[in-house]
Structures are given as structure tokens and as C-alpha cells.
Amino acid sequence: MAGTRQQDREVARAAAAAALGRDPGPLGAVESASHHVFVGRDVVVKIIDAAGHTRLGREVALASHLPAGITAPLLADGLHRLGGREVRYACYARMPGSAPGMGLPGVDAVTARRLAEEAVRRLGDLHSWTPGPEARDMLEEPLEHGGFTGRDALLAEVGKLAADDRERALSRRLLDGLTALAEQAPPRARTAVPVHADCHWDNWLVHEGRVTALLDFEWARLGEPADDWLFLARFAGPHQRAVLDVIARATAADPEELRAACEVREAAHLVSDLRAALHFGEGATDLLRDLEAVVLDRHWWRPAR
């Protein structure tokens, strides 16, 4: 793995130098679940095995079409062969700031509300964007995103989850509650507007208390605004209620309808992720705990503290 990381670092340096027209200076590796990411003073390079998945190619293809100012500008992209291995790279201008992080750690209530207001405005610009034919074609390409698509699909996933649970980790109470939640879900989710679909707080940049960019458009697709409100509120830690309030006020959404939409979407994602975890035999404990919080503890309906 160390040799692969070093190879990718060399590709990143060459790509950054070509994009900037000069030596990019030191490039530091940063943590990422699926990519190798290297950050310099004014450039960020993402590297992924080309055969691994196509989402980086999707992000790159969308970059030139997105509303101005919403994300980091794409400087260059391409493919590079390393022996028998082909990697895809994308170079972005480095935007000021850093990610506030999952749960908004260390962020006070006033700052959290201000960041949420700015994030909602940026997402509003995305939701109101009318993509041209080329961008719309990309956004309409099917993705196995694991999110909510409709009542029948969610009920089917719950049935598959029960069948996959050979160790009987899921209680009957949890399965019954999950089924009841699915039965009350809307018949189908709309695919009406462009959504980011992964806008948790690790994918935002903040500088001096202000939002500067939304990153990682690999899961972007057509959906409903609630597909984004889920991520913004769910990963706001102790500020979840405040973020829901900001969203409701900014969009004139009914607060109860907003919570219900987030609840069913989180349940859908967790069911999908838990099925995968049961299949691979790892990571199921935390997902099960989160699913119980949604279904049994009614996490989305807890009163503010």
C-alpha cells in the first residue's frame, strides 16, 4: 500500500505541476475513504484507481456545468497508467478554509446557525439550477445511492434486510417499526432538482466562520431537496435542531414534513448500508445502533435540549 501511495503522490505532483505551470510545492496526503488526496498550497489532487468506481469521472464531467462559485474550480483531469494499473486524477484549485467536520465539533450555537444559513443558501442555488442537456443526462444516469426512492422499494429492502440477518441481530420490534415507517413513506421520491446527495459537514469548507465551498460532487443526481437536508441536519451533532429550524425557515417547509422526510431517508440509507455490512461481516454494530436511534428512539422527533 505504501508503494501505491508513493506512486500516486508522484502522479499528483506531475498533474499539479502541469495544471499550475510550475512546481506545486509540498503536497501533503489527507485522509479519504476512497481516494488518495494530496493537498498543496493552492492545489488539491484526487487520485483513484480508474477501475475502482466511476464517480470521480462523474464529478469531473459535471464540474464545468455547476453554478459558478458553488465548488472548487477544476484545473485539470485525466488518466495515467502505472504499469498494469490505471488511475484517474483530478486537480482542483485549493479554496480557503477547512472542513468543520462531522458533528460540527467545537462550533458554538451562533456559528452553527450562521454556517447552516450559508450552506442552505448554496444548496438553494444548486436546487434552483436548471442544468443544460449534457449536465442533465449525467445527473439522470442511474446510481445505486442507497437513498429513498419510494415506499415499495424501501419495503422490499426491509424484507431483504430481514432475510440477510442470519444471526438475528435485528429485534422483531425494530423490524416491525421499520416496516411501519416504510409503509407510511411517500409512494415515490421525485427526481425534480439537482442535489449533491452527500453534503455532510466533512464536504464543506469554512474560512473565518464563513462557508467557502461545497466539495465532492461524485453522488450528485436529480432528486428532492430533502435528499440534501438530511445530510446537513443529521451530521450537525448537537446543532441538529437548529439546522432543521434554519432549513424550515429558509425554504418555508413544514417542520414536521421536513423531519419526516429526513427520517425516511436516513432509514433507507441505513438499511442499505446495514445489508452490505451483514454481507461483508463488518461494521454492522454502529449501523444497527443508528437504525435503532431512528426507528425506536425516534431520533428525528426528539425535543430540543
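General observations
- Qualifying residue in the stretch 150-164 (condition: part of a loop (DSSP other than H, G, I, E, B), surrounded by fewer than 19 Cβ atoms within 10 Å (Cβ to Cβ) and not small (Gly, Ala, Ser)): no
- Of all residues in the stretch 109-129 being out of contact with any helix residue (DSSP H, G or I) (no Cβ under 9 Å at 6 or more places or on another chain) and acidic (Asp, Glu), the one that is nearest to Thr212 (Cα to Cα): Glu118
- The single condition from (1) crowded, with 18+ Cβ neighbours inside 10 Å; (2) more than 18 Å from the chain's Cα centre (by Cα); (3) assigned to a loop (DSSP other than H, G, I, E, B) that Pro26 fails is (1).
- Boolean, Arg94 is under 17 Å from Arg249 (Cα atoms), open to solvent by 30 Å² or more (accessible area, probe 1.4 Å), modelled with pLDDT of 95 or more and in contact with a strand residue (DSSP E or B) (Cβ under 8 Å, 6 or more places away or on another chain): no
- The listed residue being in a loop (DSSP other than H, G, I, E, B), open to solvent by less than 30 Å² (accessible area, probe 1.4 Å), in contact (Cβ under 8 Å) with a residue 12 or more places away in the chain and aliphatic (A, V, I, L, M), out of Ala15, Ala72: Ala72
- Any hit, the stretch 282-300, residues being at negative phi, part of a helix (DSSP H, G or I), surrounded by fewer than 13 Cβ atoms within 10 Å (Cβ to Cβ) and in contact (Cβ under 8 Å) with a residue 24 or more places away in the chain: no
- Among residues of the stretch 75-87, those that are assigned to a loop (DSSP other than H, G, I, E, B) and open to solvent by less than 70 Å² (accessible area, probe 1.4 Å), counted: 1
The values are calculated or read from the model by the stated rules, or taken from the named source; none is laboratory data. All values reported here derive from a predicted model rather than from experimental measurement. Because the Cβ atoms are built from the backbone with ideal geometry, glycine has one as well, and the counts that use them run over all protein chains shown. Please note that ligands, DNA and RNA were not included when accessible areas were found on the heavy atoms of the full protein model with its side chains. Shrake-Rupley method; radii C 1.70, N 1.55, O 1.52, S 1.80 Å.
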